[in-house]
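Here, each number is a calculation from the coordinates, and none is a lab measurement. Remember, it's a predicted structure, so these values are computed and weren't measured experimentally. Neighbour counts are summed over all protein chains in view; Cβ atoms, including those assigned to glycine, are modelled from backbone coordinates with ideal geometry.
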Amino acid sequence: MVSLDIINNLANFIIQTISNSGYLGIFALMIAESALIPIPSEIIMPFSGYLVSTGKFNPILVIIAGSIGNLVGSLIAYTIGIKLGREIILKYGKYILIKKSHLDLTESYFKKYGDRSTFVSRLLPAIRTYISLPAGIAKMNLKKFALYTFAGSIIWSTMLTYVGVVLGEEWTKIRHYSHYIDGLVIAGIIVIAVIIIIKKRSGKTETS
C-alpha cells in the first residue's frame, strides 16, 4: 500500500508539473528520470500523449522535449560515473535509491554488449535509468554515448507518447499494458539483433 501511495503521489506531481509548465515540465521531468531520480517516464510521456489527444500539446514537441530531456539527464549520470567512480556511487547511491544490484546489473549488461548497450537499454525499463553510470565509469566515448542515448530515447519517448494518445483519458491504464509493451520492445530488439547477425554473416560470405 505504501508503494501504491508513492506511485499515486508521483503521478499527481508529474501531472501538476506538466499541466503547469507544459513542454518545459516534460523536459525537466525527463532530465530527472535519466539523472537517477526515480520519476517514471512511463507516467510522464503517456500523460503528455493524452494531452496531445486533447489538442493541448503538439506530438512532435512532446517527443523532442522528452528525448532531449532524456539525453541531458543521461549526460549528468554519465558525468557522475566518470567523476565519482563505482565506490562513491555505491556509498552514497542509497540516498537516491540506487542499490548495488542496480549497478551490478547494468555493469554486467554494459560489459556483455559494449557501447551499443546504451542504445538498447533505453528501451528496457529495468536497465534504462542506470545504464549511464557504467558507461561513465568505463569512460565510453562521449559522442557515441550521446548518439546512442538520443536515438534510443527518441524511440522510447515516441512509443510512450503514442500509447498515451491511443488510450486518451484512460492513459493511466498503461500500467496494465506495461508487460505487453516490454514484450513488444524485447521482440523488436531480438529482430534487430537477428538482422544485424544475418548482415554480418552475409558480408563475411561475400568477402571470402
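Summary table
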read-out: Residue-wise HN-Hα coupling along the range 19-35, computed from phi with Karplus coefficients 6.51, -1.76, 1.60 (Hz; x: Gly, Pro); value: 4, 8, 10, x, 4, 4, x, 4, 4, 5, 5, 6, 4, 4, 4, 8, 9
read-out: Label-point separation, residue 108 to residue 169 (7 Å along Cα→Cβ), nm; value: 4.6
read-out: Separation of the residue 147 and residue 54 label points, Cα + 7 Å toward Cβ, nm; value: 4.0
read-out: Residue 24-residue 139 FRET efficiency (beta carbon distance; Förster radius 35 Å; 0.05 resolution); value: 0.65
read-out: Residue-wise HN-Hα coupling along the range 38-49, computed from phi with Karplus coefficients 6.51, -1.76, 1.60 (Hz; x: Gly, Pro); value: x, 10, x, 5, 5, 10, 4, 6, x, 5, 5, x
